[in-house]
Amino acid sequence: MSGDDLAGPPPAPAGPLEPWPNTVRWQPISGDLIWVELIRLGVLLAVVLLGLAVGWAATGHWLLGAALGVAVLLAAWRAITIVRAVHAWGYAERENDLLVRHGLLVRRLSIVPYSRMQFVDVTAGPLERAFDLATVQLHTAAAASDARVPGLRPAEASRLRDRLTALGEDRAEGL
């Protein structure tokens, strides 16, 4: 056996959703976004269960009773995927663009050049504010290329907004 045989197989090439794995430093989003999404799911589930329960009580149809069970199972499945989906979010600031990745079943990597950004929004609904979170939304000329980074602390959201705005102005292309 040679020394090359002991080294093992060569590393697999990076896939199209993970370019530059050795040069990109991914920033995670806050895990508190899990609670925000679970509360949203809980409210939706409560409304659906209430509607199904009232319908079942009024009609006694077995199908509505079965739908109650299905709704609970789907909510449990969604709760599990919420945890995994929040951990899948990440962003990376590079010299000329911002990378945003997310998704479980369908993974998505958005690359937004600073020069193509038109404006940057920072939003926080009541539930996000209760958990001290905000979302940074990037807008470009092409609506399909808009990207967002949810689950950021307000200070980080402000810093990212200011940085992206400054870089966008510095590198603005004539339209």
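Laboratory data are not the source of any read-out in this text; all were calculated from the coordinates shown. Just so it is clear, the model here is predicted, and its values are computed rather than measured. Quick reminder, even Gly has a Cβ in these numbers, built from the backbone with ideal geometry, and neighbours come from all protein chains shown.
As an equivalent ellipsoid, region 32-85 spans semi-axes of 26, 11, 4 angstrom, where each value is the square root of five times an eigenvalue of the C-alpha gyration tensor, largest first. Of the trypsin sites (Lys or Arg not before Pro) found in region 39-109, those that fall in a DSSP loop while having at most 13 other beta-carbon atoms within 10 Å are Arg107. Overall dimensions of region 90-170, expressed as equivalent-ellipsoid semi-axes from the Cα gyration tensor (√(5λ), whole Å, largest first), are 20, 16, 11. Using a simple spin-label model with pseudo-atoms 7 Å out from Cα toward Cβ, Ile39 and Gln137 lie 2.0 nm apart.
Fully extending the segment from Leu49 to His87 would add 10.8 nm, taking 0.36 nm per residue of separation and subtracting the current Cα-Cα distance.
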